[in-house]
Amino acid sequence: MSLAEQRASAYRRLLVSGLGLLALFALYAVILLTRSTSAPNLPVLKTLGSMDLIDQEGQSVDLQTFRGKPWFANIIFTRCPGPCARMTQTMRQLQEGIQAGSLDASLVSLSTDPEFDTPEVLSQYARKFKADTASWHFLTGSKEEIIRMATEEWLLVLQEKDETQRDSPNDIFLHSTLTVLIDGLGRIRGSYELLEEGEVEAALMDLRQLHDEAS
């Protein structure tokens, strides 16, 4: 092989090596880009229309109360013989997680039993579960508004039981145990069965994602 041929062969090997390195660098860049790309935004399940309720202090609460801040909401009643106590305990765990993670969010527990759950009763219930009422609101209102809010706005199940269907005098309602996540624009972005393992963590993860969306 002549000197010219040797040089040409060397150049070809160098060119192939260079192209190989460029391909490796391109692949590495794609991997980094994929890892750094944020997850898709949470879906918008519904935009809330209105809300007209009062809290445990007797203060009026509407959608403007939570404007600009995410919030979690569920439905309970204080004399509930079923899952309500556990729901409130897990809501307390959620509040602790929000505070530990330095996240900004409110909690809402709407009573389905306005005849019994007065603001005073709800205030006692909040103290019983050591709720931080600076960011956790226990709400009541007219029966019509509660049903509308729970079923039409939050898309939860709520049905008053016939007396013949009740296992005890306080077994008044059949209701959802789900908790919904609502963003600062009043849009439902997630739904969680907090009584199931791992769901509190999932709710906190989605809350962080909402904060990332807003930043």
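Quick notes on this structure:
- For K128, the shell of other residues with beta-carbons less than 14 Å away shows a net charge of +2, using +1 for Lys and Arg and -1 for Asp and Glu.
- Checking every one of the trypsin sites (Lys or Arg not before Pro) in region 66-107 against DSSP loop status and a limit of 14 other Cβ atoms within 10 Å picks out R67.
- Stretch gain in nm, segment E120-Q89, where the contour uses 0.36 nm per residue and the Cα spacing is subtracted: 9.2 nm
- Working ranking of peptides 180-191, 162-173, 99-110, 41-52 by packing, defined as the average number of other Cβ atoms within 10 Å per residue, highest first, is 180-191, 99-110, 41-52, 162-173.
- For region 71-90 versus region 108-154, the inter-centroid distance based on Cα atoms is 10 Å.
- Extension gain from Q64 to R79, taking 0.36 nm per residue of separation minus the Cα-Cα distance: 2.4 nm
A short reminder: the numbers here are calculations on the coordinates, not readings from a lab. Everything numeric in this text was worked out from a predicted model, so none of it was measured. All Cβ positions, even for glycine, are placed from backbone atoms using ideal geometry, and neighbour counts span all protein chains on display.
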